[in-house]
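Peer 1: Quick one: the structure is below, and I'll ask about it shortly.
Every read-out reported here was derived from the displayed coordinates using simple, explicitly stated rules and does not represent laboratory data. Please read these numbers as outputs of a predicted model, since none were measured by experiment. Positions of Cβ are generated from backbone atoms using ideal geometry, with glycine treated the same way; all protein chains shown enter the neighbour counts.
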Amino acid sequence: MSNHTAHFSGTARAPSTQWLEPLHHVDAGVLNIAYYEAGPSAGPAVVLLHGFPYDIHSYVDVAPMLAEAGCRVVVPYLRGYGPTRFRDLTTPRSGEQAAIGADLLALMDALAIPRAVFAGYDWGARAACVGAALWPERCAGLLSVNGYLIQDIANAMQPASVAREVAYWYQWYFQIERGRAGLAASRREIARTLWKLWSPTWDFDEACFERTAVAYDNPDYVDVAIHSYRHRYGLAESDPRYADLQSRLAALPPVTVPTITLDGEADGVTPATDGLAHAVRFTGGRVHRVIPGVGHNLPQEAPEAFADAVLELVNG
């Protein structure tokens, strides 16, 4: 489709046994990144970024939809997931927001992608927001589930509503060494529990879960996750290589590129809103939508809505 337009309502879903493969590998910054790529190399680029505790198969339906519409689609495993590896044993296993944003830029540089639409949810939306805010010249548009996700670490100790605090139980658990040991011993059990709590309407099967769960076997999964959840509350040190980026993020920079934000109506960790609370952060034009009956893993639960939104940004 040469005009990069499509409407995907009713598109057939991939079976739980289908994998995004083959994978490619590229040295990018401190990482050797494993990624899936589809679509024409000359098409408008889209980078799809997954969250915790998920993997690239959140995009098992979205990626082929976008490729068929003429996009160059790149879906990387984030640091600490799947076959992505740190290139140096001495590199701190940081999960801070500046690091995952820097990884996005390093991947684009390594693949010679000058500009792309950044799209993601959870950690992936945070990386996309960081990339869009710090390097707008590289971002053709932003799709972020749950709005503006750059962390306000200076104010992170301000309590949320009781309901939100309850939903964040795993974050409090990860602050203590018992939580680190628990994640190391029960990676799959914790992830399965979070999937069910966060996406109460999503009837995933065991094959679907296991296809993603192998990504947790990455040797850095626990260290990266624990650092991420401690750093966001100011309870873990930054990797010094990201000090300048983290300083810039502390100012909560605006997103100046065209943006679409989505919320899942049934999101069990980040409740859907009217989007007004984040409106001031988007100065390049923003559309906000709530997707009915959908939970936290929005691209896998509602791939048509996600892919349609990406193509809106691709088409400007």
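Peer 1: Among the residues of segment 227-273, how many are part of a loop (DSSP other than H, G, I, E, B), hydrophobic (A, V, I, L, M, F, W, C) and closer than 29 Å to HIS288 by Cα?
Peer 2: Initially, segment 227-273 is screened for residues part of a loop (DSSP other than H, G, I, E, B), giving 232-239, 251-254, 256-258, 265-273.
Next cut, hydrophobic (A, V, I, L, M, F, W, C) only: 235-236, 251-252, 257, 266, 269, 272.
So of that shortlist, the ones also closer than 29 Å to HIS288 by Cα come out as 251-252, 257, 266, 269, 272.
Number satisfying all stated conditions: 6.
Peer 1: A follow-up question, please. Of all residues in segment 75-96, which are acidic (Asp, Glu) and surrounded by fewer than 19 Cβ atoms within 10 Å (Cβ to Cβ)? Quick ask: steps written out before the conclusion?
Peer 2: Of segment 75-96, the ones acidic (Asp, Glu) are 88, 96.
The answer is ASP88, and nothing else.
Peer 1: From the list ALA309, ALA277, pick out the single residue that is over 24 Å from TRP169 (Cβ atoms), out of contact with any Ser or Thr (no Cβ under 6 Å at 6 or more places or on another chain) and outside any loop (DSSP other than H, G, I, E, B).
Peer 2: None of the others qualify; the one that does is ALA309.
Peer 1: Provide a single number: the residues in segment 147-186 that are among the hydrophobic types (A, V, I, L, M, F, W, C), buried (at least 16 other Cβ atoms within 10 Å of the Cβ) and over 21 Å from ILE100 (Cα atoms). First the steps, then the outcome.
Peer 2: Of segment 147-186, the ones among the hydrophobic types (A, V, I, L, M, F, W, C) are 149-150, 153-154, 156-157, 160, 162-163, 166-167, 169, 172, 174, 176, 181, 183-185.
Still in the list and also buried (at least 16 other Cβ atoms within 10 Å of the Cβ): 149-150, 153, 167, 174, 183.
Next, only the ones that are over 21 Å from ILE100 (Cα atoms) stay: 167.
So the count comes out to 1.
Peer 1: Checking the structure you have, find out if any residue of segment 291-309 is on the phi > 0 side of the Ramachandran plot and surrounded by fewer than 19 Cβ atoms within 10 Å (Cβ to Cβ). Talk me through it step by step, then tell me what you get.
Peer 2: Initial filter on segment 291-309 (on the phi > 0 side of the Ramachandran plot): 293.
Within this subset, residues satisfying the condition of being surrounded by fewer than 19 Cβ atoms within 10 Å (Cβ to Cβ) are 293.
Checking segment 291-309: at least one residue is on the phi > 0 side of the Ramachandran plot and surrounded by fewer than 19 Cβ atoms within 10 Å (Cβ to Cβ).
Peer 1: Could you tell me whether THR259 is out of contact with any Ser or Thr (no Cβ under 6 Å at 6 or more places or on another chain), polar (S, T, N, Q) and over 22 Å from MET157 (Cα atoms)? If you could, list the steps in order and put the result at the bottom.
Peer 2: Values: out of contact with any Ser or Thr (no Cβ under 6 Å at 6 or more places or on another chain): yes; polar (S, T, N, Q): yes; over 22 Å from MET157 (Cα atoms): yes.
It is true that THR259 is out of contact with any Ser or Thr (no Cβ under 6 Å at 6 or more places or on another chain), polar (S, T, N, Q) and over 22 Å from MET157 (Cα atoms).
Peer 1: Cβ contacts < 6 Å: first residue without any contact (Cβ under 8 Å) to a residue 40 or more places away in the chain, restricted to segment 293-305; second residue of a type in the set (S, T, N, Q), any location; separation 6+ or different chain. Result?
Peer 2: So the pair list comes out empty.
Peer 1: Quick one: would you say ALA133 is under 22 Å from ALA251 (Cα atoms) and either in contact with a Phe, Trp or Tyr (Cβ under 7 Å, 6 or more places away or on another chain) or among the aromatic types (Phe, Trp, Tyr) (or both)?
Peer 2: Values: under 22 Å from ALA251 (Cα atoms): yes; either in contact with a Phe, Trp or Tyr (Cβ under 7 Å, 6 or more places away or on another chain) or among the aromatic types (Phe, Trp, Tyr) (or both): no.
Considered against the rule, which asks whether it is under 22 Å from ALA251 (Cα atoms) and either in contact with a Phe, Trp or Tyr (Cβ under 7 Å, 6 or more places away or on another chain) or among the aromatic types (Phe, Trp, Tyr) (or both), ALA133 comes out as no.
Peer 1: Scan segment 98-119 and give yes if some residue there is touching a His at 6+ places or on another chain (Cβ under 9 Å) and of a type outside the set (A, V, I, L, M, F, W, C), otherwise no.
Peer 2: no
Peer 1: Right, next: Do we find that PRO40 is of a type outside the set (S, T, N, Q) and out of contact with any Leu (no Cβ under 9 Å at 6 or more places or on another chain) in this structure?
Peer 2: Details: of a type outside the set (S, T, N, Q): yes; out of contact with any Leu (no Cβ under 9 Å at 6 or more places or on another chain): yes.
Against the criterion (of a type outside the set (S, T, N, Q) and out of contact with any Leu (no Cβ under 9 Å at 6 or more places or on another chain)), PRO40 qualifies.
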